[in-house]
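To start, the structure itself, in structure tokens.
A short reminder: the numbers here are calculations on the coordinates, not readings from a lab. Here the structure is a predicted model, which is why all the values come from computation and not from measurement. Every residue, glycine as well, gets a Cβ built from its backbone with ideal geometry; the counts of neighbours run over all protein chains shown.
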Amino acid sequence: MAGPRRAVAAWVLYDWADSAFATVVSTFVVATYFTQAVAADPVTGAAQWAGAHALAGLLIALLAVPMGAVADRGGWRGRMLGVAIAVMAGCTMALWFVRPDPSFVPLALVLVVTATVAFEVATVFYNAMLPEIARPAQIGRLSMLAWGAGYAGGLACLVLSLVLLVQPDPALFGLDRGEAEHVRAAAVLAGLWVAVFAWPAAVFIPEPVQAQPWRGAVRASMAELRTTLRDAIRNPALRRFLIARMLFMDGLITLFAFGGIYAAGEFGFTAQDVLLFGIGLNVTAGLGVLGFSFIEDRIGPKSTVLASLAALVALGTPLLLVTDPAWFWGLGLALGLFVGPAQAASRSLMAHMAPPEARAAWFGLFALSGRVTAFVGPALLGLATAAFQSQRAGMAVVILLLAAGAIALAPLPSPAFKR
């Protein structure tokens, strides 16, 4: 690896850290708790959760690119990453105050939206650091390694949540199960996890440029942003890639946000069942990125993304049709093998493409492509769920978006992405 070992270790550790938010809040524990215990009923809760993620997607679409440009121009990546980490961790821990009563719905949604925006903005700065700490021929492997560390971190946090908080009856630490404190405490654990393990990335990875005064950096970066956007629009390969990623990331974001909710609503999963499923999914996802880490730099990131999307569609379609929980477990765990490689390979692809002087801005575009229409998937899922009174009908949106992303990416000539 190119770059000090401490910087590489800090970069990989960040994925270990922020996956606690993705698994505990966005996917498994808090999402399920909200729809099953806080909202008036599960269908209403699913629609409200969809609306919150739609709003978060719009805010991220507005903030990601300009904040990336400011970070590039002013040498502010580390400091801005640190602020985003603090906001994400603080809002996550504050979910403790969301009690199992519909009157707490507004508080829950405000905290989740704020934490989600901070999570995605932090990811812009974090991803932009990848080409600076890895040689071009090793970008794919390091990206997969970090993604694997993320699944390991999410798994570890879920296991601790299950063993120490959710499963014991009577609950440990004097927690009141009647007030769902054993579930709410998982959010506190996730926030502490982020705070403890994410900060080294903000401290130990050096800035690529000398920091400039804030006002000057903002003025200069906004002017530079116009050039960056114009160049991106004129680049047909980049344009096609961003459109394709926009589609399949809509599907993945929707899958992450509603996977636990779907399992609870359609198969009667309890909070403990969802945690166990999340643990299994993290195991298979980690195995998936480990396997692809040995081949991505050989077959190329585009081929890796396409193979992963094809597998997700092939496994996801019967997953929506089965009614036996055993089949849901089997297909769901198999699906996990391909979720990580699709995301990690798309990140390494952008790392190869981004010019050194505008990496955070380009990764802002990368985040934008994953979020600018991210409200569409949750919104369509919410509409379909409410219209058909069926979570299966809503989750069908995921398959359509994944397939559309693969179709959009397939015609792109591989030479456009050669190192």
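Worth a mention:
- Taken along the Cα-to-beta-carbon direction at a fixed 7 Å, the label points for L383 and N235 span 3.3 nm.
- Largest mean-square fluctuation among G148, G265, G377, in a Gaussian network model of the chain whose springs join Cα atoms under 10 Å apart, belongs to G265.
- Alpha-carbon Debye profile of the range 54-171, log10 I(q)/I(0) at 0.22 Å⁻¹: -1.29
- Look at where the Cα atoms of the range 88-119 and of the range 37-56 average out, and the two centres are 12 Å apart.
- Furthest towards positive pole of dipole, V83, L142, F97, structure part the range 62-166, Cβ charges: L142
- Here the Gaussian network model covers the chain, with springs between Cα atoms less than 10 Å apart; of V110, V43, V163, V163 fluctuates the most.
- In the range 81-121, the inverse of the mean reciprocal separation of distinct Cα atoms equals 10.3 Å; this is its Kirkwood hydrodynamic radius.
- For the chain: Kirkwood Rh in Å [reciprocal of mean 1/r, alpha carbons]: 21.2 Å
- Each peptide in 337-347, 149-159 gets a packing score, the mean of other Cβ atoms within 10 Å over its residues, and the list from highest to lowest is 337-347, 149-159.
- The charge dipole of the chain, taken about its Cα centre with unit charges on the Cβ atoms of Lys, Arg (+1), Asp and Glu (-1) only, comes to about 1640 debye.
- Of the residues R99, R245, the one with the fewest other Cβ atoms within 10 Å heads the list, and the complete ranking is R99, R245.
- Selection from S308, P411, A198, by position along the positive dipole direction of the chain (Cβ): P411
- Between T323 and R6, the distance separating the two model label sites (each 7 Å from Cα on the Cα→Cβ line) works out to 6.1 nm.
- Dividing the mean sequence gap of close Cα pairs (under 8 Å, 6+ apart) by how many residues the chain holds gives a relative contact order of 31 percent.
- Formal net charge of residues neighbouring L175 (Cβ-Cβ distance under 14 Å; K, R +1; D, E -1): -1
- Scanning the chain for DSSP H helices at least 20 Å long along the axis (C-alpha atoms) with a Kyte-Doolittle mean no lower than 1.6 picks out 105-128, 391-409.
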